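Encoded as structure tokens, the structure appears first; notes follow it.
The values are calculated or read from the model by the stated rules, or taken from the named source; none is laboratory data. Being a predicted model, the structure only gives us computed values, none of them experimental. To get the accessible areas, we keep the full protein, side chains included, count just its heavy atoms, and leave off ligands, DNA and RNA. Shrake-Rupley method; radii C 1.70, N 1.55, O 1.52, S 1.80 Å.
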Amino acid sequence: PGLRRKDERGANVFDALFSFVMEVRHQCDHCQHLSVSYERSALLELPYPQESTSSQQTLSDSYLAMCCPCVNGEMRPCSGEMCAGEERSHRTQRRMLHLPEVLLVKVPRQSDTGGSKTRRLAFQVEDYVSFPLCCSAELVAVMYDLGGSAGNRRHACAVLGQSGRFLFCEDGQTPRFTSTDISVLCQSSVDLLVYVPRGEQAGFAASFGQ
């Protein structure tokens, strides 16, 4: 009940499909006081990779990095008895409490100095992902940003069919089943991942042909 929005009269279709709850823990670096809050979200946004990272990213590694305490020192009031509301540096941890019917995952894109160009490390898509203390999920779709000028960007997507193969659809091209392993397809262009709880992929793929 405490997670409901004041104007919410019942779960709508969007919330029912995509909404999930994140547990957020803040620990004061000064007095070690721990506070816990909950946030509703419809998009899992992965953290930016470390500057020193040179290997491929994966959802598993990025999610675990998000669950680890962030040591950047977010400044926020501490409600602990010792700090009594003073602004203190905090360590933050986040994790999902449950999976939605459809999980949308945003892969981070970093801007270059000018802000008009973007760069991204290769991202290795995983067919199956296990979220600690939550659930396992299976990949059903990938969206790609293939680049281009502002207002004229090219996009593509790969969607899991009933046959277990991915149908690749690109702007201006005839859709085709790809023979390339989804984990290595357009690695530097991965933009959005779509997962469903493991065992539910058949329902998602039912609308696509063999």
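Show 170, 74 ordered by accessible area, largest first, where the area counts protein heavy atoms only and the probe is 1.4 Å.
Largest accessible area first, the list is 74, 170.
For 155, 30, give the ranking by accessible area with the largest first, probe 1.4 Å.
From most accessible down to least: 30, 155.
To the nearest 10 Å², what's residue 43's accessible area with a 1.4 Å probe?
Number for this one is 60 Å².
Going from most exposed to least, what order do 18, 123, 177 have by accessible area with a 1.4 Å probe?
177, 18, 123
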